[in-house]
Amino acid sequence: MDKVRPTFHNGLEFIQVSSLPGSQAQSLGEWLPISSYIKLMVNNISLEDCVLYKEYEYWFEYCYQKAERLVQFDF
């Protein structure tokens with residue numbers, strides 16, 4: 001599965017966990033500590049489940065893709 005692109009708002013790069021594809025949202029949610037979530041107001045809408053893009057990117061590169069490669073080669 002592909003890495004999503006960040007959303008930009010007030011100089012922050014972030015992703016909203018609930019907008020990720022299902023398997024990514026579940027896996028990232030299980031990996032992230034609660035303290036990593038940030039709450040943002042974007043266009044007068046409160047987004048409760050945001051994560052800085054650099055945290056998502058680290059997880060994607062070093063946890064998610066690695067696990068997917070292992071599954072592909074698990075006979």
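The values are calculated or read from the model by the stated rules, or taken from the named source; none is laboratory data. Keep in mind the model is a prediction, meaning the values are calculated, not measured. Backbone-built Cβ (ideal geometry, glycine too); neighbour counts: all protein chains shown. Areas reflect the complete protein model, heavy atoms only, side chains present, ligands, DNA and RNA absent. Shrake-Rupley method; radii C 1.70, N 1.55, O 1.52, S 1.80 Å.
A Cβ distance below 7 Å, combined with a sequence gap of six or more or placement on separate chains, defines the contacts here; from segment 37-51, residues that are of a type in the set (S, T, N, Q) reach residues that are outside any loop (DSSP other than H, G, I, E, B) in the pairs 46/39.
For beta carbons closer than 6 Å, sequence separation of 6+ or different chains, a first residue in segment 1-30 that is open to solvent by 70 Å² or more (accessible area, probe 1.4 Å) and a second that is in a strand (DSSP E or B), the qualifying pairs are 18/49. Within segment 31-60, the set of residues being over 11 Å from the mean Cα position of the chain (by Cα) and open to solvent by less than 80 Å² (accessible area, probe 1.4 Å) comprises 33, 38, 40, 42, 46, 47.
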